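Here's the structure we're looking at; comments come further down.
The values are calculated or read from the model by the stated rules, or taken from the named source; none is laboratory data. Everything quoted here is computed from the prediction, not taken from an experiment. Ideal geometry is used to build each Cβ from the backbone, glycine not excepted, and the neighbour counts take in all protein chains shown.
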Amino acid sequence: MSRQQIADPQHLLFEAPRHQSFITGSEAVAEAVKRANVDMAIAYPITPQSESMHLVGELYEQGYIKDFYRAENEFAVMAAIHGASLGGGRVFTATSGPGTLRAMEMFPVWAGARQPIVCAFMCRGVSLPPSIQPENIEMGMLLDTGMLMLHAEDGQDFHDMILKGFVVAEQPDVHLPVGVFVDGFFATHTKDRVMLPPADLKLPPYDPRSAPVPTFDMETPPMRVTRDPLLNKSNFISGSANASWHQEILAAAERSRRHLRKCLGGLLEVQNPGAKIMIVASGTAVSQSREALRLLRAEGMEVGLIKIKSIRPFPEAELAEATDHADLIVVPEFNAGGWLGREVKAALDNNRRVISAPRIFGGMSMPPGLIVETIKGAMGTKKRTAAGV
Amino acid sequence: MSKRIITPTPALAEYLPQQYKDLVENGPHGRGLGVRDLGSFKEIVEEHPHCAGCGVSLGVRLVAAALPAPEDTLIVGTPGCSFFALSQTAVNYSNTAFGNQNAVASGLKRMLQIRYPDRPKDVVVLVGDGGIADIGLDMTLHSWFRREKITTIMVDNEVYGNTGGQESGMSAEGKVLPMAPRGKNFPKIPVFDLAKSSGCVYGARVTVANPVRLGQVVEKAILVAREVGPTYVQIYTPCPTNMRFSPAETIDVARAAQKGTYAFEEFMSEEAEALIAKSRRE
């Protein structure tokens, strides 16, 4: 292990000269963790997450991480990560599809315990039928767990969002878990150019005093957290205490917007802002949409693209502004449920403009031509409607 | 933790409740007190809402009194009856999703070893039979297989007390209970035997009817876990509410069990035995 210097996050993330690498998304995870000054990582094997956590294990062997083990199942991983985070250190783990669902009960616990855990989700289909193919339906199931959710388009995003995830998660006015999501296989198993900051720099260590709740180490008062169990009481005081705790989690997520804007350069990013037809996408659907834009431009059609980077918090106001002038909004996504389409519809006025399609699931990559056809089909419908046909 | 951490500044002291002042002035922190000293110091367990005659609350109270270093002890629990007394205990107490306690304790213990390499922090799992033997059994066993340096203590009331007395894996065979309308049709899960074969270096089976012995085994289990490896204590904590006996008979019921399924038993590895002998000499 080369000796690492602690760097100011601003310098590490934005200023330090980067060098180009040609690596898989899984390798990009390890490159981020290498620079994140992680105290402990815990892993359970699941495709397509496994390779990234093999590499994180090697970081432990090389001395970049202080403790690491392979646990018995994903629920146990997320529980142990919760325990490790209670102890006042920086932790990392990753999971995928069925593993996400198996561990589900722990995610609201992380948020409720106000833990700045960063977890990478390499999304895939969930049974049944059994699938290890890319799909991001699990994101739709995690929308209300209280964690912040960032959706990476490619290896570069994945690397950067993991490092930035720690920075945002640990802000004293946020202090919430951050899930960094990527569409499995497309981004995890393919090599791409990723610009990496110097390997001899790392984030400053986690400071448990930045937490809004006491660290669990018998060194941080109060030692006794509750006087009466809030559970099992339906009186006004315990109800109010419980509800205000939840409100504060939601408020913390709202406060994260400021930090996310600074770190990500905005919760969304717009290409061709003036176009009357806008595609709204997240994850690898953004890349396929870029290709659709190229195909449409070749036919003389100008279409815009909005890449949503932060799913939680969701950029409602930015999205409304960026689509205010649009006549047609198409939302392609990699799942059968259409959760992003629902999010977009809920954020916009006149949401009949929104076509929640195409939806690709079951393991196929998204043909850009399908996005093109969806747009043309919707335009044809509009024309026929306008002509009274 | 040094006593200084919980000592309030004089300006604040007068506004704190009496129970807190008592804890600072006469608590067990750093004094090496035990079950035999009960009544002479302010206990870390505060008043609680358990049923009259509750074996679990007595078990929790005795374990708390037996902690060799309450000032550096962290208790990991799980939902269930044990939660009610523990959430009001003056040590860090975590309670999240049902059954995850040994996984949480594994992560916590390892992180505390990273952060406090020179100051042992005792991580103690204190949980009911449903949490350890049923819903969390895989995590119980895997923490032992991995040789995590934590102490696991089961307060066994042989039912899911908090949800209405349903059958648990630790219920006696044949017992008619909610969700076992024809009687439980398999024996108690042999968690104590599993502890022996799964990596625990010390184990003891006791009841609340023998508080002094209970205190001794808890202390040994925690000291051994600190140095050697995983340890397990299984305590019979009978439930008058669900087993339908008078709250005044809890100790009698526990004492009767000592002649049968809860006969005292203890095992230890050679390394654990040497450590216990050494701590006795000191």
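Can you find even one residue in segment A:266-282 that is hydroxyl-bearing (Ser, Thr, Tyr), assigned by TED's automatic domain parsing to the domain that holds A:Arg359 and closer than 18 Å to A:Gly369 by Cα?
yes
With the condition kept exactly as written, say whether any residue in segment A:97-110 is closer than 23 Å to A:Leu203 by Cα and either touching a His at 6+ places or on another chain (Cβ under 8 Å) or more than 7 Å from every other protein chain (Cβ to nearest Cβ) (or both).
yes
I'd like to know if segment B:227-236 contains one or more residues that are farther than 16 Å from B:Phe145 by Cα, more than 13 Å from the chain's Cα centre (by Cα) and of a type outside the set (Phe, Trp, Tyr).
Within segment B:227-236, one or more residues are farther than 16 Å from B:Phe145 by Cα, more than 13 Å from the chain's Cα centre (by Cα) and of a type outside the set (Phe, Trp, Tyr).
Check segment A:37-47 and report whether any residue there is touching an Asp or Glu at 6+ places or on another chain (Cβ under 6 Å) and crowded, with 17+ Cβ neighbours inside 10 Å.
Looking for residues that are touching an Asp or Glu at 6+ places or on another chain (Cβ under 6 Å) and crowded, with 17+ Cβ neighbours inside 10 Å, one finds at least one in segment A:37-47, hence yes.
Might you check whether a residue that is touching an Asp or Glu at 6+ places or on another chain (Cβ under 9 Å), away from chain A (no Cβ under 13 Å) and buried (at least 24 other Cβ atoms within 10 Å of the Cβ) occurs anywhere in segment B:83-91?
no
Cβ-Cβ distance below 9 Å, separation of 6 or more or different chains: which pairs start in segment A:19-37 with a residue that is in the same structural domain as A:Gln156 (by TED's automatic domain parsing) and more than 19 Å from A:Gln62 (Cα to Cα) and end on one that is of a type in the set (Ser, Thr, Tyr) and surrounded by fewer than 22 Cβ atoms within 10 Å (Cβ to Cβ)?
A:Thr24/A:Thr190; A:Gly25/A:Thr190
Take the residues of segment B:97-115 that are surrounded by 24 or more Cβ atoms within 10 Å (Cβ to Cβ) and outside any helix (DSSP H, G or I): which is nearest to the other protein chains (Cβ to nearest Cβ)?
B:Asn100
Assuming B:Ala65 fulfils every condition listed in (1) within 28 Å of B:Thr250 (Cα to Cα); (2) out of contact with any Ser or Thr (no Cβ under 8 Å at 6 or more places or on another chain); (3) facing chain A (nearest Cβ under 8 Å) apart from one, which condition is it?
Of everything listed in (1) within 28 Å of B:Thr250 (Cα to Cα); (2) out of contact with any Ser or Thr (no Cβ under 8 Å at 6 or more places or on another chain); (3) facing chain A (nearest Cβ under 8 Å), B:Ala65 misses just condition (3).
So A:Val174 ticks every box in (1) under 26 Å from the mean Cα position of the chain (by Cα); (2) at pLDDT below 95 but one. Which box is left unticked?
(2)
Please work out which residue is nearest to the other protein chains (Cβ to nearest Cβ), limiting yourself to segment B:8-34 and to residues that are loosely packed, with under 13 Cβ neighbours inside 10 Å and hydroxyl-bearing (Ser, Thr, Tyr).
B:Thr9
What tally of residues in segment B:245-271 results from selecting those that are at pLDDT 95 or above and either more than 29 Å from B:Ser57 (Cα to Cα) or of a type outside the set (A, V, I, L, M, F, W, C) (or both)?
14
Run A:Cys119 past the list (1) under 16 Å from the mean Cα position of the chain (by Cα); (2) within 21 Å of A:Ser289 (Cβ to Cβ) and report the number of the one that doesn't hold.
(2)
Identify the residue in segment A:177-217 that is buried (at least 24 other Cβ atoms within 10 Å of the Cβ) and within 14 Å of another protein chain (Cβ to nearest Cβ) and, among all such residues, is modelled with the lowest pLDDT.
The qualifying residue modelled with the lowest pLDDT is A:Phe216.
Among (1) of a type outside the set (S, T, N, Q); (2) within 23 Å of B:Tyr236 (Cα to Cα); (3) surrounded by 18 or more Cβ atoms within 10 Å (Cβ to Cβ), there is one condition B:Ala69 misses while meeting the rest; what is its number?
For B:Ala69, the exception is condition (2).
Which members of segment A:39-75 meet the condition of being within 14 Å of chain B (Cβ to nearest Cβ), touching a residue at least 60 places away in the same chain (Cβ under 8 Å) and of a type outside the set (Asp, Glu)?
Once the filter is applied, which keeps residues that are within 14 Å of chain B (Cβ to nearest Cβ), touching a residue at least 60 places away in the same chain (Cβ under 8 Å) and of a type outside the set (Asp, Glu), segment A:39-75 yields A:Gly63, A:Tyr64.
For B:Ala52, work out the one condition from (1) within 12 Å of another protein chain (Cβ to nearest Cβ); (2) of a type in the set (A, V, I, L, M); (3) out of contact with any strand residue (DSSP E or B) (no Cβ under 9 Å at 6 or more places or on another chain); (4) in contact (Cβ under 8 Å) with a residue 60 or more places away in the chain it doesn't fulfil.
(1)
Consider B:Lys149 against the criteria (1) assigned to a loop (DSSP other than H, G, I, E, B); (2) more than 13 Å from chain A (Cβ to nearest Cβ); (3) crowded, with 20+ Cβ neighbours inside 10 Å: it satisfies all of them except one. Which criterion is unmet?
Among (1) assigned to a loop (DSSP other than H, G, I, E, B); (2) more than 13 Å from chain A (Cβ to nearest Cβ); (3) crowded, with 20+ Cβ neighbours inside 10 Å, the lone unmet condition for B:Lys149 is (2).
State which residue is farthest from the other protein chains (Cβ to nearest Cβ) when the search covers only segment A:219-256 and only residues that are at pLDDT 95 or above and touching a strand residue (DSSP E or B) at 6+ places or on another chain (Cβ under 8 Å).
Looking at the filtered set, the residue picked out is A:Ser256.
Only residues that are facing chain B (nearest Cβ under 7 Å) and within 13 Å of A:Val109 (Cα to Cα): list them for segment A:85-95, please.
A:Leu86, the sole residue that qualifies.
Can you tell me which residue among B:Gly128, B:Gly136 is more than 11 Å from every other protein chain (Cβ to nearest Cβ) and at pLDDT 95 or above?
Every option except B:Gly128 fails the conditions.
Has segment A:95-118 got at least one residue that is outside any helix (DSSP H, G or I) and aromatic (Phe, Trp, Tyr)?
No, that holds for no residue.
Could you check how many residues of segment B:39-71 are in contact with a Leu (Cβ under 9 Å, 6 or more places away or on another chain) and assigned to a helix (DSSP H, G or I)?
Qualifying residue count, segment B:39-71: 9.
Return yes when B:Lys21 is more than 16 Å from B:Ala64 (Cβ to Cβ), out of contact with any Ser or Thr (no Cβ under 6 Å at 6 or more places or on another chain) and free of Cβ contacts under 8 Å to residues at least 40 places away in the same chain and no when it is not.
Yes.
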